[in-house]
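Chemist: My questions will all concern the structure given below.
Throughout, read-outs are computed from the coordinates displayed, never taken from laboratory work. The model shown is predicted, which means the values in this text are computed figures rather than measured ones. As a convention, Cβ positions derive from the backbone with ideal geometry for all residues, glycine included, and neighbour counts pool all protein chains shown.
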Amino acid sequence: MSTKTPNQKAWWLVVPVVLLVAFNAIVPLMTVINYSVQETFGENVFFFEGVKWFEAVLHSERFHNSLLRQMLFTGIILAIEVPLGVAIALAMPRRGPWVSVCLVLVAMPLLIPWNVVGAMWNLLALPDIGLLGRSLNAAGIEYNYTRQPVAAWTTLIAMDVWHWTSLVVLLAYAGLSAIPDAYYQAAKIDGASSGAVFRYIQLPKMKRVLTIAVLLRFMDSFMIYTEPIVLTGGGPGNATTLLSIDLVKVALGQFDLGPAAAMSLIYFLIILLLSWIFYTVMTKGEAE
Amino acid sequence: MKRFVWLLPALYILFLLMPIYWLLNMSFKNTNEILGSFTLWPRVFTLENYRKIFTDPTWYGGYLNSLGYVLMNTVTSVVVALPAAYAFSRYRFLGDKHLFFWLLTNRMAPPAVFALPFFQLYSAIGLFDTRVAVALAHCLFNIPLAVWILEGFMSGVPKELDETAFVDGYPFWRFFIRIFIPTIAAGVGVAAFFCFMFSWVELLLAKTLTSVDAKPIAATMTRTASTSGYELGLLAAAGALTIIPGAFVIYFVRNYIAKGFALGRV
């Protein structure tokens with residue numbers, strides 16, 4: 001690492017970025033904070049309410065339930081996608097003509113608009129005319145994701161695994177490609193088993209990219225909105241109403257600005273806090 | 001056992017292709033066949049759904065809108081991120097670390113939080129329902145991402161390059177545009193790829209900020225699904241067409257994807 005030169009003029013290079021991002025980040029954030037402490041009865045008349053909305057949200061059972069569902073969802077998809085992604089990356093060819101083919105096919109789901117992903121799984125899972133739904137029902141498994149909460153959850157998780165495991169695969173694959181051949185040759189000479197190679201060579205080398213994979217999957221799954229809203233609309237009942245869906249229902253559906261704003265801030269803070277923990281762990285690992 | 005190791009990626013890719021196959025299959029069927037029978041291959045092969053999309057301005061207009069704001073956003077994000085990433089990778093300045101982290105926090109902001117304030121902000125400045133509004137709004141998460149990726153690539157370039165150029169008397173901007181940017185061309189490609197990707201797939205903000213004139217294709221699909229009832233073939237065809245730009249872009253950066261990820265970015 002070369003050392004950086006102190007240079008205050010470098011600020012000029014950053015100004016456009018700061019202006020553009022600040023325009024998008026600070027004004028809306030101020031709006032949200034503003035709403036979160038006020039009450040309105042329409043006609044643009046607002047009253048200061050202090051922390052009333054925050055207390056209301058923190059004590060509301062509805063928020064607790066959405067948060068619990070959100071954590072369950074994020075936990076499940078992390079537990080499936082990370083090991084699966086690593087296993088696939090380990091099994092992918094390292095060189096030869098198949099590398100490009102695999103990479104292009106694996107990256108495909110990442111570039112499909114999120115609502116199309118939802119619509120696609122909708123068509124696939126429809127109990128009467130979808131390939132998956134029809135096959136399951138024909139096999140004697142009663143399956144209808146618009147009515148059964150368990151089926152809705154399974155479909156939602158299958159969809160997310162379909163959509164995002166590729167990100168973990170690509171990250172892990174990149175980590176693996178960065179390992180010099182000499183490491184493997186040394187392991188071969190020592191007669192190391194493939195388990196030992198994984199444990200002592202591949203896993204440590206992938207640690208950094210895997211942390212990023214977990215961080216990204218955590219953040220993105222915590223913010224997920226479009227795919228479930230298209231697939232299940234949060235139903236049946238409230239079974240798949242995750243945090244973002246609930247928030248949009250409150251903000252744009254019922255137009256309860258105060259509670260929605262308070263909920264937004266709490267939501268954002270949870271993500272920030274958890275991401276900050278990851279970030280600290282990451283940079284600590286680098287320093288060692 | 002080693003001989004069968006390819007089975008896992010092969011099965012995974014099959015799993016990835018299954019919904020895409022079903023989507024394509026449906027897009028070539030007429031409504032009667034979709035609703036009336038269950039066929040693994042269109043019995044009556046029809047291009048009617050695609051024809052409808054390419055002749056109806058509300059449909060193909062959606063594609064033009066989406067591509068319009070995605071390209072605008074990608075170009076803006078990369079252009080403003082380049083000098084900023086250079087500053088972060090080469091210089092130490094007041095508040096640099098905090099600024100970098102603050103930029104990244106915007107990648108962590110749930111779009112649902114910003115939907116309503118964005119609507120009000122862009123209505124207030126008269127940009128509501130324009131492509132520019134969506135392009136600007138997507139800068140929120142794409143600029144931090146581009147800065148992050150480009151900073152990674154730039155830190156891999158030895159500082160001696162800059163020093164030699166400055167000793168030779170190159171003015172900063174000439175060095176930056178003529179020498180430095182071509183050196184990290186791969187990084188620019190990767191950054192552009194990810195900006196394109198995240199702007200192309202995002203819908204919540206794009207939908208909130210548009211109503212008629214700048215409606216993205218993805219939002220057009222949502223409307224069709226709800227208003228015209230069961231036009232599933234049309235929906236499938238529209239969905240299939242949204243896969244094409246992505247597949248096209250991946251093909252071009254296929255050799256760089258792994259490299260971009262290898263830096264531990266994104």
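Chemist: Helix by helix through chain A, keep the DSSP H runs that span 15 Å or more along the axis on Cα and average at least 0.0 on Kyte-Doolittle, and give those back in order. Write out the running numbers ahead of the final one.
Modeler: Values: long enough: A:11-36 (35 Å, 1.81); A:61-91 (45 Å, 1.09); A:114-125 (16 Å, 1.03); A:149-177 (41 Å, 1.20); A:203-222 (27 Å, 0.79); A:257-287 (44 Å, 1.46).
The answer, listed by residue number, is A:11-36, A:61-91, A:114-125, A:149-177, A:203-222, A:257-287.
Chemist: Only Cα pairs within less than 10 Å get springs; with that Gaussian network setup on chain B, which residue of B:LEU16, B:LEU121, B:LEU209 has the largest fluctuation?
Modeler: So, out of B:LEU16, B:LEU121, B:LEU209, the one fluctuating most is B:LEU16.
Chemist: I need the P(r) histogram for the stretch A:1-149: all alpha carbon pairs, bin width 10 Å from 0 out to the longest distance, whole percents.
Modeler: 8, 14, 22, 24, 21, 9, 2
Chemist: Here is a follow-up. What average number of partner chain Cβ atoms lie no more than 10 Å from the Cβ of the residues making up A:178-186?
Modeler: Working: counts 6, 0, 0, 0, 0, 0, 0, 0, 0.
Mean number of neighbouring Cβ atoms from other chains: 1.
Chemist: Could I ask something else about it? Rounded, prolate or oblate for the stretch A:97-214? Axes are the square roots of the Cα gyration tensor eigenvalues, ordered a ≥ b ≥ c, and the cut-off for rounded is a/c under 1.5.
Modeler: Working: a/c = 2.93, a/b = 2.38, b/c = 1.23.
Verdict is prolate for the stretch A:97-214.
Chemist: Can you tell me the 0 to 90 degree angle between the C-alpha axis of helix B:57-90 and the longest principal axis of chain B, rounded to 10?
Modeler: Its long axis makes an angle of about 20 degrees.
Chemist: Please report Rg (one decimal) and Dmax (integer) in Å for the Cα set of the stretch B:1-46.
Modeler: 15.4, 48
Chemist: With the alpha-carbon atoms as the only input, what is the per residue convex hull volume for chain B in Å³? Can you show the working numbers first?
Modeler: Working: hull volume 49.9 nm³, N = 266.
Output value, Cα hull per residue: 188 Å³.
Chemist: Using the alpha carbons of the protein assembly as shown, what is the convex hull volume per residue in cubic angstrom, as a whole number? Kindly include the intermediate steps, with their values, before the conclusion.
Modeler: Details: hull volume 100.1 nm³, N = 554.
In the protein assembly as shown, the Cα hull volume divided by residue count equals 181 Å³.
Chemist: Compute a Gaussian network model of chain B, connecting alpha carbons closer than 10 Å, and tell me which residue from B:GLY36, B:GLY126, B:GLY68 fluctuates the most.
Modeler: The residue that fluctuates most here is B:GLY36.
Chemist: What is the angle, in °, between the Cα long axis of helix B:217-227 and the longest principal axis of the Cα atoms in chain B? Nearest 10 is fine, range 0 to 90.
Modeler: With both axes taken from Cα atoms, the answer is about 30 degrees.
Chemist: Another question, if that's okay. Pairwise over distinct Cα atoms, reciprocal of the mean inverse distance: report the Kirkwood radius of the stretch B:1-124 in Å, one decimal place. Don't skip to the end; give the middle numbers.
Modeler: Numbers: mean 1/r = 0.0486 Å⁻¹.
Radius from the Kirkwood sum: 20.6 Å.
Chemist: Now a separate question. Count, for each residue of B:65-73, the Cβ atoms from other chains sitting within 10 Å of its Cβ, then give me the mean as a whole number.
Modeler: On the way: counts 0, 1, 0, 0, 0, 0, 0, 0, 0.
Mean number of neighbouring Cβ atoms from other chains: 0.
Chemist: How high is the relative contact order of chain B, in percent, counting Cα pairs under 8 Å that sit 6 or more residues apart? Write out the running numbers ahead of the final one.
Modeler: Details: 266 pairs, mean separation 85.2, N = 266.
Contact order relative to length: 32 percent.
Chemist: Another question, if that's okay. Taking the stretch B:39-77, which trypsin sites (Lys or Arg not before Pro) meet the DSSP loop condition and have no more than 11 other C-beta atoms within 10 Å?
Modeler: Numbers: sites: B:ARG43, B:ARG51, B:LYS52; in loops: B:ARG43.
Loop-located and lightly packed - B:ARG43.
Chemist: Straight-line reach from B:LYS215: which aspartates and glutamates fall under 12 Å, measuring Cα to Cα and dropping same-chain residues less than 8 apart?
Modeler: Partners within reach: B:ASP129.
Chemist: Can you give me the Kirkwood hydrodynamic radius for chain A, using every pair of distinct Cα atoms, in Å to one decimal? Walk me through the intermediate numbers first.
Modeler: Values: mean 1/r = 0.0446 Å⁻¹.
One over the average 1/r among Cα pairs gives 22.4 Å for chain A.
Chemist: List the chymotrypsin sites (Phe, Trp or Tyr not before Pro) within the stretch A:195-288 that fall in a DSSP loop (any state other than H, G, I, E or B) and whose Cβ has at most 13 other Cβ atoms within 10 Å. Mind showing how you got there, number by number?
Modeler: Working: sites: A:PHE198, A:TYR200, A:PHE218, A:PHE222, A:TYR225, A:PHE255, A:TYR267, A:PHE268, A:TRP276, A:PHE278, A:TYR279; in loops: A:TYR225, A:PHE255.
Hits after loop and neighbour filter: A:PHE255.
Chemist: Across the residues of B:246-254, average count of Cβ atoms on other protein chains within 10 Å?
Modeler: Values: counts 8, 6, 1, 2, 8, 3, 0, 3, 7.
Across the residues of B:246-254, the mean count of other-chain Cβ atoms within 10 Å is 4.
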